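Heads up: the structure comes next, in structure tokens.
The values are calculated or read from the model by the stated rules, or taken from the named source; none is laboratory data. Small disclaimer: the values here were computed from a predicted structure and weren't measured. Here the Cβ is made from the backbone with ideal geometry for all residues, glycine too, and neighbour counts use every protein chain on show. Protein only, heavy atoms only, side chains kept; ligands, DNA and RNA dropped before computing areas. Shrake-Rupley method; radii C 1.70, N 1.55, O 1.52, S 1.80 Å.
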Amino acid sequence: AKSFVVVRNTFNFIKTYVTNVGKPKNLKLEDKWLLSRLNTLIIHCTEHCKSYNEHKAAQEIMNFILNDFSRWYVKLIRDRVWVTYEGTDKAAAFYTLFTATDALIKLLAPFTPFLSESTYQTTIKPLEKGKESIHMYDWPKANKKMVDKKLEGNMNIVKQIVEASHAARQQANLKLRWPVKEIVVVSSDKKIDTAVMQLKGILLQSCNTKSITVSK
């Protein structure tokens, strides 16, 4: 039940702040990552359903909405969808949120028909006049060109670093709203070095720090 509250709140966030379908221009790394994860999800769910493992498909969809979409991506782009924000990347955030929500409710339709229909009627249909019901659409098809496994892997590493930094803050009794001068990630793993280099901006924002470095 708690999970469905998060799902509904996530869709309500899109309903409240996304005022148009947006444009796939000026996509930032977090946008490309979510679209990659979304298309990976579609591929996996299609395979699960073809092999009669619908329960696995349902689990993956819920995991994506709860962990990738709501607790990670929405937090990263919250400032980009405010009414007063006028940055060139606002349309890209709208596009990513709309595209993800549109695909997700089509994936959810066989599992949660009423939630999917309600979200379609109140959130998607007003932005893009489509068919009468979500249940008149086909199962979504994955765009494999949008899948970037390296970016997905690097973002997983970044998530772990953010979790570790939050744990360190708790031990030191430093709340997240207090910026810190520097975070040092101790590792000799080249993958971690690469992830930090590619997604440094996201780390600085999520960890609320002035700088982040990797040290052996």
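Taking interchain pairs and intrachain pairs at least six residues apart, which have beta carbon atoms under 7 angstrom, with the first residue in region 52-78 and within 19 Å of N156 (Cα to Cα) and the second hydroxyl-bearing (S, T, Y)?
That search, which allows pairs on different chains as well, returns M62/S3; I65/T10; L66/S3; F69/T10; S70/T10; V74/T10.
Hand me the list of helices (runs of 4 or more DSSP H) wholly inside region 1-95 holding 3 or more residues that are of a type in the set (S, T, N, Q).
Answer list for region 1-95: 2-17, 29-50.
Based on this model, can you work out whether G87 counts as free of Cβ contacts under 8 Å to residues at least 24 places away in the same chain, under 22 Å from Q205 (Cβ atoms) and more than 12 Å from the chain's Cα centre (by Cα)?
yes
Looking at F11, F69, which one is buried (at least 21 other Cβ atoms within 10 Å of the Cβ), of a type in the set (F, W, Y), under 15 Å from the mean Cα position of the chain (by Cα) and within 18 Å of P110 (Cβ to Cβ)?
F11
Looking only at residues that are in a helix (DSSP H, G or I) and acidic (D, E) in region 134-179, which one is least open to solvent (accessible area, probe 1.4 Å)? Lay out the reasoning, then the answer.
At the first step, the residues of region 134-179 found to be in a helix (DSSP H, G or I) are 134-136, 144-146, 149-172.
Checking the rest, the ones that are also acidic (D, E) come to 152, 163.
Numbers: E152: 18, E163: 126 Å².
So the residue we want is E152.
Quick one: which residue in S165, S187 is without any contact (Cβ under 8 Å) to a residue 60 or more places away in the chain and in contact with an Asp or Glu (Cβ under 8 Å, 6 or more places away or on another chain)?
Testing whether each residue is without any contact (Cβ under 8 Å) to a residue 60 or more places away in the chain and in contact with an Asp or Glu (Cβ under 8 Å, 6 or more places away or on another chain) leaves just S187.
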